[in-house]
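The values are calculated or read from the model by the stated rules, or taken from the named source; none is laboratory data. Not measured: the values here are computed from a predicted model. Methodologically, a virtual Cβ is constructed for each residue, glycine included, from the backbone with ideal geometry; neighbour enumeration extends over all protein chains shown. When the accessible area is computed, the model is the full protein with side chains, heavy atoms only, and any ligands, DNA or RNA have been set aside. Shrake-Rupley method; radii C 1.70, N 1.55, O 1.52, S 1.80 Å.
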Amino acid sequence: MTETRRRSYRKLTREFPARSVKLALLLMAASLLAFGQVGNGTITGVVTDSSGAVIAGTTVEAKNTETGVVFRGVSTNSGDYAITDLPVGIYAVSVTATGFKTYTHTNLALAATQTLREDIALQVGTAAESVTVTAEASLLTTESAELSRNVAIEALDALPLIGIGTVNAGTSGFRNPYNSLLTLPGISSYDASGAFTLNGLAGGFYLTETMRIEGQDATSRMFGTYVYTQTIQPSVDSIQEIAYQTSNYAPEYGQSGVAVINMTMKSGTNQYHGSGYEYFVNEDFAAGDPFSRSGGCVVGPTGQACSTVGGNGGKFRPRQRRNDFGGTLGGPLYIPKIYNGHNKTFWFYNYEDFFETTLYSFNDTVPTPNYLQGNFSQISPNGTCSACGQLGIQTTALGTPTVQVDPAGNHVFANEIFDPASRAVATSGPLSGQGYAQPFPNNTIPMSRFDPVSIKLTSYFPLANNSNFAGNYATTEPGNRYSSIQTVKVDHTIGPKDKISFYQSLLTTQNLINTTLGSADGLPNGITAARGTFVWGYTERLNYDRTLRPNLLLHIGGGYINSTFNDATWWIRSGLYFNPGSALGLSGFASQQNFPSFNGLYNTAYGGMQNHCCPK
């Protein structure tokens, strides 16, 4: 069964179009002042001389120390300057002006969406002389009233916020960057699906928060609400920084009521950098369950029970196996003898894979062998009543001390099955006009009386593997989850005035069996309610910036997101469509693709076929 599902799994990815949710064809707009439009930052201030008089027309340069790319601004008549749309990173700000010493301030760390204040006081002298400031910039925010918090990738890696597997992992399984929400003051009621409460305001609903990747909307609108954020999430190692803006943010973010989550993605630098990692989980490395012994544990209707004898004396370790691995690589685009992209063209690539294998245990209820043959004598005084004591079934006539009788004067007993062919209506006596029927002898339905549809139905029910009436089908089923993210980013400086960047991400998740979201029940294909999880998320971003004048910037951004969420049923996974007409001889179905739903065949004590419903 496992290998069949693997083949069906591959077939599904090629053939089945599924229920696709087109989340958005996103933002294509131009802005004259791009303050944080792509999640980048701004350096601003006033240029003065040593007496405090403003200096106009002075060129201020901000050089990214990792890429070598230089950004420029010019002071106005009031001495003010602003260098906007700066990628996250470390900068050196410098000014060279006639009659003044060269001013340089190094090691200025600029965060996502941050407006950094850098006032420049020039000293009289020659350009050959210099004044170098190495002190870090003030952390006091004076240029904006917004409340925000920045989480760098170092914090994501260092803090225990990245859930692996089922712990805070959400739909996709692998590490969840949105778990960094837990670092925010005022956060509560957070779960991996994306819902949270911040400062008393409930998130997780339409238009209450906005997610941005590379400055453009990437908010999950799955089913019209803010859930399943991981369907289009970037890989943790492809993120440079996350800025959480929670109050008083700029007008361009005004469509959000709770928070703006702004992600800035990593870019290549003038140096080649790479990384590799693996998070490995195996039960052999885990601590055993307290008060347990290996080999002495079973899974029952109420959970796992471990005996105090048997096994080798070691602690029981539930099976748990996960791998989350990948790597990054980035640098300048360099083709020997053809192109040298240092200080100009940079690329970055990230790949992440997540594998998880889980052995699910089930304790289902299916018809006993006698039930399948129409023999219900064990559970009624009309038959052998051999299980009446075990199941607490009344052995005397119902209604004692006032015995219940039918219109023909027969006593009525528990769990009797009546022959529909013997139905009649009393014509005399105190119960005249009431209908009644005769019970099957020995509470057994002759198989010759089985409807052809019923005979076909019984062929789908698995055989009990113990003698219980309920909980008589103990089984296990392997569940395998596979997720991956591929990310690429390219940045190119066309010239002193023009810059362009491109970002692309592809996410896939495929999971045939799970219990949390997939309703896996251990029943075989055909009657199981199990649903798989199949997710595809595709994100593209293209941003172009042109400096029209030293104090005027043109920004154009375009993006595309496609998110598909399949919770495919067993018949899709197996590449088949169940046809009740041909399979069971039934008709009148609006959609002939699911096993029909049958209820009322199950009692929690006496057994039968447990309630189940065709997958939706």
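At-a-glance table
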| item | result |
| --- | --- |
| Under 5 Å, built H, 5+ apart or other chain: amide partners of C385 | Q378, I379, S380 |
| Long-range amide H partners of T515 with built H, under 5 Å | A520 |
| Estimated distance in nm for a label pair at D217 and T384, the labels positioned 7 Å out from Cα along Cα-to-Cβ | 6.9 |
| Cα-centred dipole magnitude for the stretch 329-483, charges only on beta-carbon of K, R (+1) and D, E (-1), debye, nearest 20 | 440 |
| Long-range HN-HN contacts of L586 with modeled amide H, under 5 Å | G581 |
| Convex hull of Cα atoms in the stretch 385-434, direction-averaged projection (nm²) | 4.3 |
| Per-selection metrics, the stretch 326-438 (Cα): Rg and Dmax in Å | 37.0, 111 |
| Extension gain from N465 to R117, taking 0.36 nm per residue of separation minus the Cα-Cα distance | 117.9 nm |
| Which listed pairs, of K266/K499; K266/K344; K337/K499; K101/K497, have C-alpha distances above 19 Å, in listed order | K337/K499; K101/K497 |
| Accessible area in square angstrom per residue, the stretch 445-486, 1.4 angstrom probe | 51 |
| Gain in span if fully extended, R72 to D451, counting 0.36 nm per residue against the direct Cα distance | 127.9 nm |
| Of the trypsin sites (Lys or Arg not before Pro) in the stretch 463-523, those whose Cβ has at most 15 other Cβ within 10 Å and which sit in DSSP loop | K497 |
| 9 Å beta-carbon shell around A520, net charge (K/R +1, D/E -1) | -1 |
| Two-site label geometry, D157 and T604: point separation in nm, points 7 Å out along Cα→Cβ | 5.2 |
| Charge sum, other residues only, whose C-beta stays under 12 Å from V488's C-beta, Lys/Arg counted +1 and Asp/Glu -1 | +1 |
| Residue-by-residue Karplus 3J(HN,Hα) for the stretch 230-238, coefficients 6.51, -1.76, 1.60, Hz, glycine and proline x | 6, 5, 9, 6, x, 5, 4, 7, 9 |
| Label-point separation, Y544 to D284 (7 Å along Cα→Cβ), nm | 5.7 |
| Part-to-part distance (alpha-carbon centres) for the stretch 69-127 and the stretch 334-362, which is given in Å | 34 |
| Å² per residue, accessible surface of the stretch 49-98 at 1.4 Å | 41 |
| Sequence of R321, R531 from largest to smallest accessible area, 1.4 Å probe | R321, R531 |
| Residue list for the stretch 517-546, given a label point 7 angstrom along the Cα-to-Cβ vector of N579 and an amide N cut-off under 19 Å | 526-527 |
